Amino acid sequence: MADTAARLYLITPVLEDASFAPRLAEACGTGTIAAVLLRLAFADERGLTNQVKALAPLAQEHGAAVLVSVEGKADLANVATRGGADGVHVPGDPARVRDLRDRLKSERAIGVGAIRTKDDAMMLGEAGADYLLFGEPRPDGSLPSLESVVERASWWAEIFETPCVAYAPSLDTVEALAATNAEFVALGDAVWSHPDGPAAALKAAAEILERQEASR
């Protein structure tokens, strides 16, 4: 169980090039983010590596770790290593996690999402995942219920040492998800679609977490 306040984990839209840099820089400039997941559209390995090289420092210079995922098949270990990312993020597949663990050793983090069941979650933890992400949008864009994500994150945080991330579809859900004792609360569209911009969204989320920590 986490004994400190949850931290913010930022998820980008699927990016086809480095033109997202100004928005990412605005978000990371708040200094409120612990980690960023760069979701990249499929491209050749050189193109993916160059995107990571262009985008990762925008987060890292503000103290945020950078994880990389790719839509489609790609050698994530090479992309992350050559691009200077801090880790990779993959859908829930224990065999793939074990392979990445063997290749990356302890040098880079491995995160896992798209977790269907509690048994899957436990197998992924045993395979070497560094964190599990619960509640992110499905491939069709739909979301699991808030109640189910709260239940899953609470269960994991209470029993297991491997950190977990709970996805918040809106700022209104940040407080409930942080109360699960998940180590991280993830934000995606709630940041990028905020009418006052990503920095305003992240500052509001950080204030929610601070208030909750103060009330403990």
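Every number in this text was worked out from the coordinates using simple rules, so none of it is lab data. The structure presented is a predicted model; accordingly, all values stated were derived computationally and were not measured. Neighbour counts are summed over all protein chains in view; Cβ atoms, including those assigned to glycine, are modelled from backbone coordinates with ideal geometry.
How fast does the range 89-139 diffuse by Stokes-Einstein, in µm²/s, taking the Kirkwood radius from C-alpha pairs at 4 °C and 1.567 mPa s?
Translational D for this selection: 120 µm²/s.
Return P(r) of the range 51-148 (all Cα-Cα pairs; 10 Å bins starting at 0; whole %; ordered from short to long distances).
It works out to 15, 44, 33, 8, in whole percents.
What per residue convex hull volume, in Å³, do the alpha-carbon atoms of the range 86-207 yield?
111
Of all the stretches in the chain, which is the longest one without any exposed loop site, taking GluC sites (Glu not before Pro) in a DSSP loop (any state but H, G, I, E, B) with at most 14 other Cβ atoms within 10 Å?
162-216
Choose one answer from SER145, SER154, SER106: the residue with the largest mean-square fluctuation in a GNM of the chain with alpha-carbon springs under 10 Å.
SER145
Contact order normalised by length for the range 74-216, with contacts defined as Cα pairs under 8 Å and 6 or more residues apart; what percent is it?
Relative contact order for the range 74-216 comes out at 15 percent.
Which lysines, on any chain, are close to LYS105 with Cα under 26 Å apart, when same-chain ones fewer than 8 places away are left out?
Answer for LYS105, where 26 Å is the Cα cut-off: LYS53, LYS73, LYS118, listed by chain and number.
If you bin every alpha carbon distance in the chain into 5 Å steps from zero, what whole percent lands in each bin?
1, 7, 16, 20, 22, 17, 11, 4, 1, 0
Taking Cα centroids, how far is the range 1-48 from the range 59-91 in Å?
After rounding, the separation between the Cα centres reads 10 Å.
State, in angstrom, two size descriptors of the range 1-89 derived from its alpha carbons: Rg to one decimal place and Dmax to the nearest whole number.
In order Rg, Dmax, the Cα atoms of the range 1-89 give 12.7, 42 Å.
What residue among ASP140, ASP93, ASP172 has the largest mean-square fluctuation in a Gaussian network model of the chain, using Cα springs under 10 Å?
Most flexible of the set in this elastic network: ASP140.
ASP102 to GLU161: extension gain in nm, 0.36 nm per residue of separation minus the Cα-Cα distance?
19.2 nm
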